[in-house]
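The values are calculated or read from the model by the stated rules, or taken from the named source; none is laboratory data. Values in this document were obtained by computation on a predicted structure and should not be read as measured data. FYI the Cβ positions are ideal-geometry reconstructions off the backbone, even for glycines, and counts take in every protein chain you see.
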Amino acid sequence: MEYCIIIPAYNEEENIVDLINKIKNEVNCHIAIIDDSENEKTKNLFKNMHDETVHYFHRNRKLGRGSAVIYGLDKFINMNKIGCFIEMDADFSHDPTELKNNINLFNDKNLDLLIASRYNKNSKIINWPLSRRILSKFANKLARMLLGVPVSDYTNGFRFYSPRAAKVVITECNKLGGGFIILSEILLVLYIKGYKISETNSIFRNRTRGESSVNINLIFNSFKGLIKLYLLKISNKI
């Protein structure tokens, strides 16, 4: 079985090569970098990289994290040997050393979606400011109240998908735009379809290099998207 890791990137030239190297030290896999940077700083790093398992795509403009994940899934969904698709952040918030154990858990439980949760009992969040912790916790509590999927973390983008789940993501998700709300949308769609979902412990670290893409506008749109997602749910349109 082969694995494909999809990494959305936006101005991540300070992190991306180190991240690829650390992933390669942990697992043999294909890595797809979906770069939405409007400059070519990240692109230039890949000009002399000759690794057939590292695939770089430059989309030239910020189309959203969710859009990037779907783009990557669509590029590799027809590679028959891939038995698990993984998405993770480019800024080292998600630890590559967790990949092996998470892949083993995913396979052992025959899952369709495994979420590396920041809010499991034995999980940790490191170096996040208090305001960000409160906002994230509130957003996840609200999402669970409105959407009803029995997980603790709706919004962490360290996830493992079966091929059949990935096909659903490609064909049936992204109704609300390509931002972070798609993480909750994917979760709800797979849950309603009866796909097998689980969570595992994870250590989430705030970035130390580069700048976060999270801003007030993105947060507002995410909450607006959550309300739209709830309305789609109660009207049986999702």
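Overview of values
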quantity: Selection count where residues are at pLDDT below 95, touching a helix residue (DSSP H, G or I) at 6+ places or on another chain (Cβ under 8 Å) and under 24 Å from residue 108 (Cβ atoms), scope the range 45-97; calculated: 0
quantity: Check on residue 238, assigned to a loop (DSSP other than H, G, I, E, B) and either out of contact with any strand residue (DSSP E or B) (no Cβ under 7 Å at 6 or more places or on another chain) or under 30 Å from residue 18 (Cβ atoms) (or both); calculated: yes
quantity: Matching strands (runs of 3 or more DSSP E) fully within the range 81-161 where at least 1 residues are surrounded by fewer than 19 Cβ atoms within 10 Å (Cβ to Cβ); calculated: 82-87, 124-126
quantity: Any chance residue 43 is in contact (Cβ under 8 Å) with a residue 40 or more places away in the chain and either surrounded by fewer than 23 Cβ atoms within 10 Å (Cβ to Cβ) or in a helix (DSSP H, G or I) (or both); calculated: no
quantity: In the range 29-43, residue nearest to the chain's Cα centre (by Cα) [restricted to those that are within 15 Å of residue 85 (Cβ to Cβ) and of a type outside the set (Val, Ile, Thr)]; calculated: 32
quantity: Selected residue [under 14 Å from the mean Cα position of the chain (by Cα) and closer than 16 Å to residue 201 by Cα] from 158, 106; calculated: 158
quantity: Of all residues in the range 57-72 being in contact (Cβ under 8 Å) with a residue 60 or more places away in the chain and touching a strand residue (DSSP E or B) at 6+ places or on another chain (Cβ under 6 Å), the one that is surrounded by the fewest Cβ atoms within 10 Å (Cβ to Cβ); calculated: 65
quantity: Matching residues in the range 1-28 - criterion: being under 18 Å from the mean Cα position of the chain (by Cα) and part of a strand (DSSP E or B); calculated: 3, 4, 5, 6, 7, 8, 9
